[in-house]
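Here is the structure we will look at.
The values are calculated or read from the model by the stated rules, or taken from the named source; none is laboratory data. Treat the numbers as computed from the prediction; the structure is a model and nothing was measured. Quick reminder, even Gly has a Cβ in these numbers, built from the backbone with ideal geometry, and neighbours come from all protein chains shown. Ligands, DNA and RNA are stripped out before the accessible areas are found, and what is left, the full protein with its side chains, is counted by its heavy atoms. Shrake-Rupley method; radii C 1.70, N 1.55, O 1.52, S 1.80 Å.
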Amino acid sequence: MKRSATDWPASLKPLLKKYKRSQHPLEAKNAYQWMVMVVLSAQSSDDLINHLAPEFFKKFPDMRALAKADPKSLFPYISKVRNFAHKAQWLVETAKKLKDTNQIPLEMEALVEFPGIGRKSANVIRRGAGLPPDGIIVDLHTIRVANRLGVVDTTNAEKIEKQLMETLPKNEWDAGMAMSFLGREICRPEPECPICLMKRVCAYYNTVIKKKVNRSSPKR
């Protein structure tokens, strides 16, 4: 969808209000768990990561324990995760570098230096730590929703984050995660537009869905 001329800082307020207290689907409890789980979750479902996390953290409860591990010793706990061998290597490499959970940095610039952690993952880790956003979370759901709404005009995650950061004031930068929640619940690949709170300003609803409805309505 093309970007619309909508006043997005105002129009996204209902979405932010609806999801402002929503917790990320990954059930991490501290910075160490966030770091591990976001690396594992790339191209894998959050449900899968939540399912395997308890046994993984029982074996490797903190960064010190993980630093002592051989990457192959992680395999039995993460073998169902896509690209698990590389992720095991990345996690142990990170642990050996940090040595202790207390050494985990929470600055964006520092987080993205670790293997397997890009801006999206770093934004998720910071949100999980309760820090104010220093960027905007852009996942597959955000990409779909932001384009359907007409807030952005690209499917490139980095460009979407840049466009959203230019469009929205910093106090609304949790909009990326709010869009992700909307995408998981309502704006799925087959969207439930009639019950969506954003349909009034949604480019997809107003230029595609309503036209389909009008064409299918019987003439009187």
Q: Pairs only if they're at least six apart or on different chains, beta carbon under 6 angstrom, first in region 73-90 and at pLDDT 95 or above, second open to solvent by less than 60 Å² (accessible area, probe 1.4 Å) and polar (S, T, N, Q); list them, first residue then second.
A: Val81/Ser44; Arg82/Ser44
Q: Kindly provide the set of residues from region 106-130 that are part of a helix (DSSP H, G or I), among the small types (Gly, Ala, Ser) and surrounded by fewer than 20 Cβ atoms within 10 Å (Cβ to Cβ), ordered by number.
A: Ala110
**Q.** Selection from region 76-98 of residues that are open to solvent by less than 70 Å² (accessible area, probe 1.4 Å) and either more than 25 Å from the chain's Cα centre (by Cα) or of a type outside the set (Phe, Trp, Tyr) (or both)
**A.** Ile78, Ser79, Val81, Asn83, Ala85, Lys87, Ala88, Leu91, Val92, Thr94, Ala95, Leu98
Q. Limited to region 189-212, what total is found for residues that are more than 26 Å from the chain's Cα centre (by Cα), surrounded by 12 or more Cβ atoms within 10 Å (Cβ to Cβ) and either charged (D, E, K, R) or modelled with pLDDT under 75 (or both)?
A. 1
Q: Determine which single condition Lys20 fails, assuming it passes every other condition in (1) loosely packed, with under 14 Cβ neighbours inside 10 Å; (2) farther than 30 Å from Met179 by Cα.
A: (2)
Q. Which one is modelled with the highest pLDDT among residues in region 131-156 that are open to solvent by 30 Å² or more (accessible area, probe 1.4 Å) and in contact with a Leu (Cβ under 8 Å, 6 or more places away or on another chain)?
A. His141
